[in-house]
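A quick write-up on the structure given underneath.
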């Protein structure tokens, strides 16, 4: 299994704007688990904002293989979601790794 972890910084910095961005992020990304083959699970987490400097949100998805992750990346539904997400965030970071791989 491949774990895909993406962290996001929202453009909006005020609490109302962050809440709206979080809702839009969820709406854009959560449906991908149902429409993209090879996605085992997909979770969106929103930081509580209590600690300055934390990233605002995280996507953690689990994929059958690196090939399934590559197919997810180019899937039309994912590409459409990226357009929405791009308008909401200033920065993102990504780590892809084999879950359960030896240390």
Restricted to the stretch 5-17, and to residues that are surrounded by fewer than 19 Cβ atoms within 10 Å (Cβ to Cβ) and touching a strand residue (DSSP E or B) at 6+ places or on another chain (Cβ under 8 Å), which residue is nearest to residue 73 (Cα to Cα)?
-> 5
Give just the number: which of (1) touching a residue at least 24 places away in the same chain (Cβ under 8 Å); (2) in a strand (DSSP E or B) does residue 68 not satisfy?
-> (2)
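Applying the selection to the stretch 88-103, what residues are touching a residue at least 24 places away in the same chain (Cβ under 8 Å) and either touching a helix residue (DSSP H, G or I) at 6+ places or on another chain (Cβ under 9 Å) or over 27 Å from residue 19 (Cβ atoms) (or both)?
88, 89, 92, 96, 97, 98, 99, 100
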Give me a count of the residues in the stretch 79-97 that are within 26 Å of residue 65 (Cβ to Cβ) and in contact with a strand residue (DSSP E or B) (Cβ under 8 Å, 6 or more places away or on another chain).
-> 7
Looking only at the stretch 28-50, and only at residues there that are touching a helix residue (DSSP H, G or I) at 6+ places or on another chain (Cβ under 8 Å) and without any contact (Cβ under 8 Å) to a residue 40 or more places away in the chain, the one that is surrounded by the most Cβ atoms within 10 Å (Cβ to Cβ) = 39
From the options 86, 45, 38, residue that is over 13 Å from the mean Cα position of the chain (by Cα) and more than 12 Å from residue 4 (Cα to Cα) = 38
For residue 84, indicate whether it is assigned to a helix (DSSP H, G or I) and touching a helix residue (DSSP H, G or I) at 6+ places or on another chain (Cβ under 7 Å).
-> yes
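Every number here is computed from the coordinates shown, using simple stated rules; none is lab data. Please read all numbers here as calculations on a predicted model, not as lab measurements. Here Cβ is always computed from backbone atoms with ideal geometry, including for glycine, and neighbour counts include all displayed protein chains.
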